[in-house]
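Here is the structure we will look at, set down as structure tokens.
None of the figures in this text is laboratory data; all of them are computed from the coordinates on show. Keep in mind the model is a prediction, meaning the values are calculated, not measured. Cβ sites come from the backbone with ideal geometry, for glycine too, and all protein chains shown count toward neighbours.
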Amino acid sequence: MVEDWSNDGEGPTAGRTSGASSSHNRRSSSPSSHASDPEQPKLDMVESESGENQSPSTLKESAALRFFAVPELLSLVLRQFDYEKTELLVLSCVSKRMRANVLPRLVESLNVPFTKARDARIYLESAPGLASHVRYLRLWDDIGRHFWNQGLWYDRGPPERWTYSSSPFQPEDMWEQLRNLLSLLHTNTEARYGEMPLIDLSIGLSNVGSLHAHLQQNPILVERLVALRLMDDFCLWDLHDQATRYGTPVDQVDRMKHSICTLAQKNTNDLEDFIRMVCEAQDGVGSTTFRFFGITASAPDFDNVNCTRECFLPCLSQEVLVPLAKRIQHLSLVFGRVSYMDGSAYQSILTPDWPQLQSFDIHVNKKPYACPNDFKATTVSFCERHPTLIRISTDIYDLFDQHERTRPYWSKLSFAQLRACTLKIADSHANKTGLDFVSRHNGIQELSLAEGQVHADGRILASYEPLRNSLRLLRAGPYAVRHFLRKGTKLRHLQVMSDEDPLFVDDDTDDDEEDERDGEKYHCAIFRDARSYSSITYIDYVSSQVGIDILFDNIVRDLCLNQLPNLTELSLSITGNPGISLDRPRAYAFLLKGLFEKLQMCAKLRAVRVGSSCAEDLPSDDDELNAIVQVIPPRLEYLTWYVQLRPTAHHYRVVRTAGGLDPTVVVENAPSLLDEESKLGTARLEMLPTSFRPKVDKRTGLWEDLDHERGCATRGCTPLFDHLGDDGPVLRYS
């Protein structure tokens with residue numbers, strides 16, 4: 001999510017994030033151990049409020065004023081508003097005293113897009129000392145991400161009705177403003193804490209050189225960098241326009257190829273310079289904050305313009321990779337399609353040892369067309385040299401013949417501390433299940449399986465009792481999900497990936513179980529029996545074959561909500577087109593109305609997330625939205641509505657007035673209270689500010705739950721609640 005920095009520099013507001021307004025579509029030291037103290041420091045401009053130097057009139061002040069005069073008590077109250085932020089924004093306008101106490105809480109973690117760096121700087125300069133309270137900073141390249149997102153539509157172009165897909169306007173002095181913002185933070189935070197804020201950086205590959213050019217004179221600004229997240233923001237159409245202005249078609253293709261190769265080499269050189277600068281700056285002061293390095297591809301090739309891009313992955317030298325590898329704990333590489341040159345670059349990245357590495361994430365979204373065996377060997381060799389990995393995901397699409405009668409290539413690997421893994425398997429045959437791999441890792445708590453499955457997939461893995469005993473999170477297709485549940489696996493977090501063929505009849509049940517639903521087969525239902533699955537508190541359902549309207553209509557039948565008495569959070573990710581024409585926000589408000597009416601049976605449901613690639617925003621006016629959505633599930637607290645290509649998700653909270661249901665009380669018979677609540681009209685949706693809830697891990701400075709990122713539909717979005725702890729579902733970051 002992004003901070004809604006207003007154009008006048010007045011900082012984050014509670015309103016809806018404005019979309020990109022420009023019609024242009026061209027590129028114009030270790031973490032400190034200090035935690036949040038009960039007494040948050042106030043702005044320098046305000047005198048101490050502890051009661052010293054009070055005038056005689058204060059002796060008769062009210063109890064409320066005496067309360068607010070004690071910073072510790074005020075801090076305890078304000079802490080209750082840190083999660084949703086709405087009340088903090090309101091209180092910041094009440095008085096100078098209140099503003100002085102509230103603003104430091106609002107700016108402790110800042111989320112700033114590149115194009116809003118000037119607004120963020122002006123806001124921090126509006127109050128003396130305010131910048132010194134920034135401890136966690138996320139800088140992200142909103143222009144680079146726009147072109148990265150457009151990779152989805154290179155073969156057909158983005159939908160015309162998505163007018164907000166135009167590129168954000170880039171200020172002429174954007175890079176200078178970024179440097180000025182970092183300089184301001186350095187000057188202020190050095191004076192208070194002796195160190196810069198922890199910085200999480202997300203940037204397009206083609207913009208790395210510009211940022212490096214503006215920071216190389218003052219590398220101290222990257223001494224506390226914790227993450228470098230690189231996006232493939234390659235813009236084909238810029239090069240295409242330049243190459244096709246003159247000459248024969250053959251000449252145009254040659255110029256295109258030359259331009260693409262030149263740009264790829266430039267991006268590699270710029271990235272090497274930037275990484276070298278960061279490593280040298282951090283080594284100079286003994287900083288060990290840099291711990292995350294990731295590169296994510298966009299469009300893999302561009303055959304529609306008769307010119308294939310030969311590579312996207314920068315081919316970094318060992319001179320740069322060795323010092324980088326020594327400090328990184330989390331490595332993530334997401335490919336489109338792997339070319340010969342990408343394979344060589346991949347091998348180069350995995351050549352050095354990464355002694356601190358804890359998680360390795362490699363995804364190939366399309367079938368490789370070059371050197372698949374070399375790619376496999378490189379991956380296996382790297383994993384063998386890093387047996388201390390805790391999380392490993394080698395999600396490689398159709399890399400090898402899934403019909404071969406041999407064990408998976410990774411089956412002999414062993415990781416003593418493994419807790420989460422992805423097994424890309426189709427285990428129709430016993431010798432392909434990877435069971436020997438699982439049997440060596442009895443502590444696996446999170447498991448992801450292949451999406452495209454047949455009914456036998458997952459059966460043998462589910463039969464392994466130690467895995468069932470430790471497993472708490474499962475991402476898999478519907479067939480594997482059923483196998484684990486039928487064996488009594490106490491899953492808490494469940495992601496059901498992809499639909500199944502509704503014409504397919506799954507008669508191959510475990511233990512000769514019969515469907516207990518009045519003798520009728522429900523071919524689209526997750527659970528084919530009448531059991532109650534009380535351990536499940538979160539379901540993330542991914543649908544690619546049906547539209548949002550059809551899924552909402554059949555939600556009770558398909559997800560078997562009456563069998564989930566403790567369901568606390570529900571996420572629906574839809575990529576299919578609606579069955580009817582829906583092009584207005586009000587139409588989706590009516591769909592939401594129908595969904596909420598069906599969710600009334602969920603007595604403990606506290607959060608709902610809807611993500612769709614084919615939807616629209618909900619009405620921008622809360623009153624208009626609530627005039628349509630008048631019935632809300634009895635314990636619902638939060639709604640998230642995400643439309644693909646939007647820069648952020650929209651979050652809503654449920655506000656219940658006096659007489660409404662207490663969300664902290666467990667209701668045994670929620671339906672009996674629904675009529676009373678709906679008649680009183682005690683619950684309504686209220687949009688939350690874009691700064692809603694903390695999103696940074698204060699132990700590491702890494703920002704999490706970047707819910708705008710593409711790919712969350714299939715790899716799992718981050719829920720609002722932590723469902724894996726021993727204390728049951730608890731709000732993350734609260």
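Here the residues R337, R138, R699, R609, ranked from fewest to most Cβ neighbours within 10 Å of their Cβ, fall in the order R699, R337, R609, R138.
Sorted fewest first by neighbouring Cβ atoms within 10 angstrom, E72, E616 come out as E72, E616. Here the label points at T187 and Y464, each 7 Å from Cα along the C-beta direction, are separated by 5.9 nm in the simple model.
Quick check on the exposure proxy: order S62, S344 from fewest to most C-beta atoms within 10 angstrom.
So the ranking, lowest neighbour count to highest, is S62, S344.
For the pair S62 and S734, the difference between a 0.36 nm per residue extended length and the Cα-Cα distance amounts to 238.7 nm. The phi torsions of segment 465-479, fed into the Karplus equation with coefficients 6.51, -1.76 and 1.60 and a -60° offset, translate into couplings of 4, x, 5, 4, 6, 8, 6, 10, 10, 10, 10, 6, x, x, 5 Hz, rounded to whole numbers, with Gly and Pro shown as x. A simple spin-label model places the labels of T657 and L73 3.1 nm from each other, with each point 7 Å out along Cα-to-Cβ.
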